[in-house]
Amino acid sequence: MMGINEGNGAYISGVVQSDAQLDHEIYGEAFYSLYLGVERLSGVLDILPVTLPARLCPQLPRAGERLGVYGQLRSYNKRTETGNRLVITVFARDIRPATPEELPVNSIQLCGFICKPVVYRRTPFMREIGDMLVAVNRPYGKSDYLPCIAWGRNAVYARELQVGDRVRIEGRLQSRAYEKCLADGSVMQRTAYEVSCSRVERE
């Protein structure tokens, strides 16, 4: 999978949750967005954003279809009424129908650089967590800034990492609901996306 881009590979397979919708156009090429539901072993459903170039899908995927997506994990800043927001999406390089017999797949492999100090913490139940922001370079001088979360032994290892360290990460993309308090006192429901790490190592 890392052959897609030496530092950034993603493969997810699951059930399309919403019909593909036109998202934007660049240089005359249309890009569509949809959400893919990928079930964890625990039964929790991650609802993951996917961006599809029009050239990959003469017939747009529709809700209820099973789909496999190969590509890269991308990030970009989106301006909103409340300021800039980091948006995460799986950018498709190839897609294929998935059969009902196939198990859900959620596989992310990254190679990049720690670009902010790692935040190490413990939950009230004493579970160790390490939050990382990893910069993965793209061609033409661009980079994707991808939030990653490590648990247990991986978190203990991650807390020793320094800004600028090159790391290799394996894991899955997960969705997490949270509440954001706005300046006017209202609360907005949002969803965060992050790579849950099964393996973290310094290169």
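A few notes on this one:
- Region 37-46, residues that are without any contact (Cβ under 8 Å) to a residue 40 or more places away in the chain and part of a strand (DSSP E or B): GLY37, LEU45
- Test: residue in region 26-34 that is in a strand (DSSP E or B), of a type in the set (Phe, Trp, Tyr), in contact with a Ser or Thr (Cβ under 7 Å, 6 or more places away or on another chain) and surrounded by 14 or more Cβ atoms within 10 Å (Cβ to Cβ): yes
- Among the conditions (1) assigned to a loop (DSSP other than H, G, I, E, B); (2) modelled with pLDDT of 95 or more; (3) of a type in the set (A, V, I, L, M), the only one that LEU173 does not satisfy is (1).
- Within region 153-196, the residues that satisfy the criterion of being in contact with a Lys or Arg (Cβ under 9 Å, 6 or more places away or on another chain), in contact (Cβ under 8 Å) with a residue 40 or more places away in the chain and closer than 18 Å to VAL44 by Cβ are GLY171, ARG172, GLN174, THR191, ALA192, TYR193, GLU194, VAL195, SER196.
- Those residues of region 157-169 which are part of a strand (DSSP E or B) and buried (at least 17 other Cβ atoms within 10 Å of the Cβ), in sequence order: VAL167, ILE169
- Subset of region 176-188 (residues that are within 26 Å of LEU146 (Cβ to Cβ) and in a strand (DSSP E or B)): ARG176, ALA177, TYR178, GLU179, LYS180, CYS181, MET188
- Selection from region 112-130 of residues that are part of a strand (DSSP E or B) and either outside the structural domain of GLY171 (by TED's automatic domain parsing) or in contact (Cβ under 8 Å) with a residue 24 or more places away in the chain (or both): GLY112, PHE113, ILE114, TYR120, GLU128, ILE129, GLY130
- Complete set of residues in region 170-196 that are surrounded by fewer than 17 Cβ atoms within 10 Å (Cβ to Cβ), closer than 20 Å to VAL50 by Cβ and not charged (D, E, K, R): ALA177, THR191, ALA192
- Taking the conditions (1) surrounded by 11 or more Cβ atoms within 10 Å (Cβ to Cβ); (2) among the basic types (Lys, Arg); (3) out of contact with any Gly (no Cβ under 6 Å at 6 or more places or on another chain) in turn, ARG122 satisfies each one other than (1).
- Filter pass, ALA63 being assigned to a loop (DSSP other than H, G, I, E, B), at negative phi and at pLDDT 95 or above: yes
The values are calculated or read from the model by the stated rules, or taken from the named source; none is laboratory data. Remember, predicted model here, so these are calculated numbers, not experimental data. Cβ sites come from the backbone with ideal geometry, for glycine too, and all protein chains shown count toward neighbours.
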